[in-house]
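Step one of this worksheet: look at the structure below.
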Amino acid sequence: MTDDASDWYSEETATFGDRLAGAREALGMTQTELAKRLGVKLKTVRAWEEDLAEPRANKLQMLAGVLNVSMMWLLNGQGDGLDAPADEAPLSGDVRQVLTEIRQVKTEMGRLSDRLGILEKRLRHTLKEHG
């Protein structure tokens, strides 16, 4: 593995979901196919790839085996994993910062969406009681 590859999927540059999606795509596997292989729902795989959830230890071990990467690489980008895409230009610090902020906003949006769903459920329940 080259320095570029370790940089591309490093803990500072990529998230667990980025590494998972990269490894799955490198095998030409769809999210649906991966979900079936692991015995989980499609929305579970999507949540992992979007960094909205993380797999339990037993599923993490299965993921590493199915994707032919090490568990440590999935978790932090170290160990046996993928090489960086050959045709990609190196990212500047500004671009990496923007990508990091985008990931943070996506994560926060997911949390807010969950919170909104809970509030909506409470409102419906309250309206039923008083309606």
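Quick notes on this structure:
- Along the axis of the charge dipole computed for segment 13-131 (Cβ charges of +1 for Lys and Arg, -1 for Asp and Glu, origin at the Cα centre), the listed residues Gln61, Leu99, Leu127 are led at the positive end by Leu127.
- Length-normalised contact order for segment 12-131 - Cα pairs under 8 Å, 6+ apart - percent: 23 percent
- Scattering curve values for segment 27-68, log₁₀ I(q)/I(0), Debye with Cα scatterers, q = 0.16, 0.33, 0.34 Å⁻¹: -0.34, -1.37, -1.39
- Between Glu101 and Glu120, the simple label model (points 7 Å from Cα in the Cβ direction) yields a spacing of 2.9 nm.
- Distance between the modelled labels on Met109 and Thr32, one decimal in nanometres: 2.4 nm (7 Å Cα→Cβ projection).
No value in this document is a laboratory result; all are computed from the given coordinates. Everything quoted here is computed from the prediction, not taken from an experiment. Note that each Cβ is placed from the backbone with ideal geometry, even for glycine, and that neighbours are counted across all protein chains shown.
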